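Coordinate-derived values only; no laboratory data. All values reported here derive from a predicted model rather than from experimental measurement. Don't worry about glycine lacking a Cβ; one is built from the backbone with ideal geometry, like all the others, and counts go over all protein chains shown.
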Amino acid sequence: MRRLLWIMLLVVILVGGQVLAAGDVLRMYTALDTNEAKIYIEAFEKDTGIKVEWVRMSAGEVLTRLRAEAKNPQVSLWFGGPSQEFIAAKELGLLIPYESPVGKPFLKGNLKDPDHIWTGFYFGAIGFASNTEFFDKRNLPYPTSWQDLLRPELRKNISLAYPYTSGTSYTVLATLVQLMGEDKAFAYWAELSKNIHHYNSSGSACVTQAGLGEVALGIAFSHDVIVKGVDKG
């Protein structure tokens, strides 16, 4: 934890060429789940004495906000989210480089940007959050593959986020393109849409909806499935 917190601190030092100290205020956007973000932020504040004022949004929403605020930035740090959005932000010139001496020894290859624009600190795998009551009552097998999601009994019973607002859903789309190729991936998405109950702005919300029985299944990052679904029954 302390190593990750100091990575965060060292990124903060970038802001406007100034070094933040105890009593200063750091303003940031985060695409982490709210409860997860609080863990890092509260520990960081305790460790450094720097107060953090923050807003939680989906990664796609953070990217949109940064583009809108490009000429008048409102925050100094973007903390958390899939690397695809950071790559897009780099291409748009919205981020500045910084090479963390903390991250340098143990982050290799694609775990960080070669130009030091962003630094990774976690891996996330896409998972399916299944409502046990829905499947058990109908004696249906739990979906374990992308093809399983097209089954007719799941019609209008899957929750997924919009790829242009949610880093989670963008990761889903990018995964399908890598697995199937672009044309087949979009053809698959068109079929999958027939089973989508509705599209959310946030990927983690899909887990909550599946848990409440609003849908049979939600597609989200597996760590959100575990924390918001499995750990809470």
Given pairs LYS112/LYS228; LYS51/LYS90; LYS51/LYS71; LYS46/LYS228; LYS108/LYS156; LYS38/LYS108 and cut-off 30 Å on Cα-Cα distance, the over-length ones are LYS108/LYS156
If you filter segment 65-115 for chymotrypsin sites (Phe, Trp or Tyr not before Pro), then keep DSSP loop positions with at most 13 other Cβ within 10 Å, what is left?
PHE106
Find me the longest stretch of the chain that has none of the exposed trypsin sites (Lys or Arg not before Pro), where exposed means in a DSSP loop (not H, G, I, E or B) with at most 13 other Cβ atoms within 10 Å.
1-70
Long-range HN-HN contacts of PHE221 with modeled amide H, under 5 Å:
GLY127
Sites VAL25 and ASP136, calculated FRET efficiency, Cβ-Cβ separation with R0 45 Å, nearest 0.05:
0.35
Could you give the length gained by full extension between VAL177 and TYR162, i.e. 0.36 nm per residue of separation minus their alpha carbon distance, to one decimal place?
3.8 nm
Build a GNM of the chain with springs between Cα atoms under 10 Å: which of ALA216, ALA125, ALA161 gets the top mean-square fluctuation?
ALA125
PRE reach from VAL55 (point 7 Å along Cα→Cβ): which of segment 70-100 fall under 11 Å by backbone N?
74-75
MRE, 222 nm, helices only [DSSP H, n ≥ 4, -39500 (n - 2.57), over the chain, to nearest 500]
-11000 deg cm²/dmol
Principal axes of the chain: Cα extent on each, largest first, Å
59, 38, 34
Please give the contour-minus-distance gain from GLU69 to ASP47: 0.36 nm per residue of separation, less the Cα-Cα distance, rounded to one decimal in nm.
4.9 nm
Below 8 Å between Cα atoms, with a sequence gap of 6+, how large is the relative contact order for the chain in percent?
20 percent
Taking θ = phi - 60°, what integer Hz values does the Karplus form 6.51 cos²θ - 1.76 cosθ + 1.60 yield along segment 142-158, in sequence order, with x for Gly and Pro?
6, x, 10, 8, 4, 5, 4, 5, 8, 4, x, 5, 9, 4, 6, 10, 10
FRET efficiency, LEU150 to LEU77 (Cβ-Cβ, R0 35 Å, nearest 0.05):
0.30
